[in-house]
1. Right, VAL191: part of a helix (DSSP H, G or I), modelled with pLDDT of 95 or more and β-branched (Val, Ile, Thr) or not?
2. From the list VAL123, VAL149, VAL137, which residue is in a helix (DSSP H, G or I) and at pLDDT below 95?
3. Against the definition (touching a Ser or Thr at 6+ places or on another chain (Cβ under 6 Å) and under 24 Å from LEU187 (Cα atoms)), how does ALA86 come out, yes or no?
4. When you check GLY157 against the structure, is it small (Gly, Ala, Ser), over 18 Å from the mean Cα position of the chain (by Cα) and part of a helix (DSSP H, G or I), yes or no?
5. Tell me yes or no: at least one residue of the range 105-126 is without any contact (Cβ under 8 Å) to a residue 60 or more places away in the chain and of a type in the set (Ser, Thr, Tyr).
6. Among the residues of the range 194-206, which ones are among the small types (Gly, Ala, Ser) and part of a helix (DSSP H, G or I)?
7. If you go through the range 96-103 one residue at a time, do you hit one that is out of contact with any His (no Cβ under 8 Å at 6 or more places or on another chain), in a helix (DSSP H, G or I) and buried (at least 23 other Cβ atoms within 10 Å of the Cβ)?
8. Given the criterion among the aromatic types (Phe, Trp, Tyr) and under 30 Å from PHE204 (Cβ atoms), identify the matching residue among TYR61, TYR101.
Amino acid sequence: MRFGKKELAAYTAEFLGTGVLTLLVLSVQRSTIGVPFFVAIAAGLAVVVMSFAVAGTSGGYFNPALTLGMWTARKLSSVNTILFIAVQLLGAFAAFHLYSYFVGNPLQEVGGKFSGRVLTAEVVGTAIFAFGWAAAVYQRFSASVAASVAGLSLTVGIVAASAASIGILNPAVALGINAWVWGTYVLGPIVGAVIGVNLYSLLFATTGVPEAKSEISIPATPKKVAAKRKTTRAKKK
């Protein structure tokens, strides 16, 4: 595998994007306005901003679960999947320490214990997010539209999941906010992302795409055009 400036930029983009997302979630969640609705808006805005900035470099995943979902849909190579997940976790871990430095206090755990309701909520919320994100990818939206759809999808997914969970939908963010619970905030987003991405890929990826024309019109060459003009003039005479 060749490793150059392009690859370095892609991995750095995933590191920064996940770090900014985690830091913003931490800042809002641990504040006096840390209700799920405001956390959802903050997370969505973070994804929109970072997608505008770096999505063209790496794809703008910022989420190990979404990265795995795209890998199962064969949109990412195994090597890139592993490296993306590694830098995403590192980005969230860096955000955790940066926020801890800002507030000057250790962060308490917020993940709780395993709960079937929390697992289901994370699966459903992440599936909604991944479904919308996959739509932007498969329909090849413009950069601005794709960034907006990604952010809005995450906001909607978090709001939907927050009825029973914290509404993280991202294993890296779960690590960064000290909510790393394997059975809920790690497994839930992974299962949801795989379902959301593959559901769109299998059922809706080709919907609405115009059918290819059976015949292709090939422009005439200059010689043919000249010959045609001579023939037309001869007929007129």
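1. Considered against the rule, which asks whether it is part of a helix (DSSP H, G or I), modelled with pLDDT of 95 or more and β-branched (Val, Ile, Thr), VAL191 comes out as yes.
2. Answer to the selection: VAL137.
3. Details: touching a Ser or Thr at 6+ places or on another chain (Cβ under 6 Å): no; under 24 Å from LEU187 (Cα atoms): yes.
Criteria not met by ALA86.
4. Against the criterion (small (Gly, Ala, Ser), over 18 Å from the mean Cα position of the chain (by Cα) and part of a helix (DSSP H, G or I)), GLY157 does not qualify.
5. No - not one qualifying residue is present in the range 105-126.
6. Kept after step one, since they are among the small types (Gly, Ala, Ser), are these residues of the range 194-206: 196, 201, 205.
Correct list: GLY196, SER201.
7. For the range 96-103, residues out of contact with any His (no Cβ under 8 Å at 6 or more places or on another chain), in a helix (DSSP H, G or I) and buried (at least 23 other Cβ atoms within 10 Å of the Cβ): absent.
8. None of the others qualify; the one that does is TYR61.
The values are calculated or read from the model by the stated rules, or taken from the named source; none is laboratory data. Just so it is clear, the model here is predicted, and its values are computed rather than measured. Positions of Cβ are backbone-derived with ideal geometry, glycine not excepted, and every protein chain shown enters the neighbour counts.
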